[in-house]
Amino acid sequence: MVNVEPNVKLGGRYSVEETATLLGVHRNSILRYTNQGKLRFGVRKGNSRRFYTGAEILRFWRAAY
């Protein structure tokens, strides 16, 4: 995981891939953190894909450090 706080918009919505890039981990790690309940997600109505808000990404990152 990156040592520098991710630069995100608090209300922004980020895909699994974007979230992984921001945190410096593999996308499978994001899914593992989600399944463990450490990282919460929302679901897009149009295509039912998961997204992570900027606020949630920062909350998760700050909890790790």
> Summing -39500 (n - 2.57) over the DSSP H runs of n ≥ 4 in the chain and dividing by its residue number, what mean residue ellipticity at 222 nm do you reach, to the nearest 500 deg cm²/dmol?
Replying inline: -12500 deg cm²/dmol
> By how many nm would the segment from Lys38 to Arg50 lengthen if fully extended, with 0.36 nm per residue of separation less the alpha-carbon distance?
Replying inline: 2.8 nm
> Which whole-number percent is the relative contact order of the chain (Cα, under 8 Å, 6+ apart)?
Replying inline: 41
> At a Förster distance of 25 Å, what's the computed FRET efficiency of Ser29 paired with Val4, Cβ-Cβ distance as r, to 0.05?
Replying inline: 0.90
> Just one of [x] 13.4, 46; [y] 10.9, 35; [z] 13.5, 44 is Rg and Dmax of the Cα atoms in Å calculated from these coordinates, so which is it?
Replying inline: [y]
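Probe radius 1.4 Å, ligands and nucleic acids ignored: give me the carbon and sulfur share of the accessible area of the chain as a rounded percent.
Details: 2110 of 4330 Å².
C and S atoms contribute 49 percent here.
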> How many Å² of accessible area per residue for the chain, probe 1.4 Å?
Replying inline: 67
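The values are calculated or read from the model by the stated rules, or taken from the named source; none is laboratory data. Here the structure is a predicted model, which means the values were calculated and not measured. Backbone-built Cβ (ideal geometry, glycine too); neighbour counts: all protein chains shown. Note: areas computed on protein heavy atoms with side chains; ligands, DNA, RNA excluded. Shrake-Rupley method; radii C 1.70, N 1.55, O 1.52, S 1.80 Å.
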